[in-house]
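Heads up: the structure comes next, in structure tokens.
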Amino acid sequence: MNNSVGNTARLLGAGLRALLVLTVVCGIVYPLAVTGIAQALFHDKANGSEIEDKSGQVVGSSLIGQTYNLPKQNPDDPEEAAEPDLKWFQPRPSNGLGSNSVNTRYSLILSGATNKAGDNPDLIKLVTDAKDAVIADNSTATYKVEPSEVPADAVTSSGSGLDPNISPEYAEIQVHRVAERNHLDVRQVEKLVRDHTAGRTLGFMGEPRVNVLELNTALKALTKS
């Protein structure tokens, strides 16, 4: 009987010591080590790939898309459609989820797509309406957007709805409108797009892309310089 009690006590003691050691190693030492390595070697990425404006204020993450809309006339009306602020470069459409009750100021807090088939009438109408809007919004007195120039990413959302990038082609057809709205020379805005166009990863993966937040942050700095 005494041996049984003693063995049980030793087993409980060993288990508690193992629990304590593993708690310290896995719950304290390992997280601190990983955090320290990440901060030392990948400081920017470890902190969320934050983008700062000219004043040093964080304006967002380069990994998550943002919308650039005018303030609503009636903020309490959930049915009122947001109108794009056309002085900024616009991102991909992000209405796959519609509005949500989690955060009415930033609907992209929930990610997802429409999951509609390519021949779905609602999706076809969304794409058609988006294309008409892109042509109308980006045509100016001196520049006309042709329907054949509208790229796919200008009228479709990404699978997550959070894509922070647009194609160089979509950025280019916005140049004249952005230049006109901000009273800038077209060549200045074209240079901004070129400077913020990233090539394929490692030269062969993915497609060339333009980060909209980085581009608009640079545009804001240019208009206030």
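Derivation of every value follows stated rules applied to the coordinates shown; laboratory data play no part. Bear in mind the structure is a predicted one, so any value in this text is a computation, not a measurement. Here Cβ is always computed from backbone atoms with ideal geometry, including for glycine, and neighbour counts include all displayed protein chains.
Segment Asn69..Lys54, full-extension length gain: 3.3 nm, with 0.36 nm per residue of separation and the alpha-carbon distance subtracted. Partner aspartates and glutamates whose Cα lies under 15 Å from the Cα of Lys72, excluding those fewer than 8 positions away in the same chain, are identified as Glu80, Glu83, Asp85.
Among Leu123, Leu215, Leu12, the largest mean-square fluctuation in a Gaussian network model of the chain, built with springs joining Cα atoms closer than 10 Å, belongs to Leu12. Just checking the listed ones, Ala14, Ala152, Ala40: in the Gaussian network model of the chain with Cα springs under 10 Å, the one fluctuating most is Ala14. Taking each residue as 0.36 nm, the span from Leu19 to Ile37 lengthens on full extension beyond its C-alpha to C-alpha distance by 3.9 nm.
Cross-link partners for Lys144 among the lysines, with Cα-Cα distance under 22 Å and sequence neighbours closer than 8 places in the same chain left out: Lys87, Lys131, Lys191. The distance between label points at Ala136 and Asn182 comes to 2.5 nm (points 7 Å beyond Cα on the Cα→Cβ vector). Within the straight-line cut-off of under 25 Å between alpha carbons, the lysines reachable from Lys45 are Lys54, Lys220, sequence neighbours fewer than 8 places apart in one chain being disregarded.
Given the options Glu207, Glu169, Glu50, which has the most mean-square fluctuation in a GNM of the chain, springs set between C-alpha atoms less than 10 angstrom apart? For the chain, modelled as a Gaussian network with Cα springs under 10 Å, the answer is Glu207. Using C-alpha pairs under 8 Å with a sequence gap of at least 6, the mean separation divided by the residue count of segment 53-223 gives a relative contact order of 26 percent. The loop-placed trypsin sites (Lys or Arg not before Pro) in segment 132-210, going by DSSP, that have at most 13 neighbouring Cβ atoms within 10 Å of their Cβ come out as Lys144, Arg200. If the chain linking Lys45 and Phe204 were pulled fully straight, counting 0.36 nm for each residue of separation and taking away their Cα-Cα distance, it would gain 55.0 nm.
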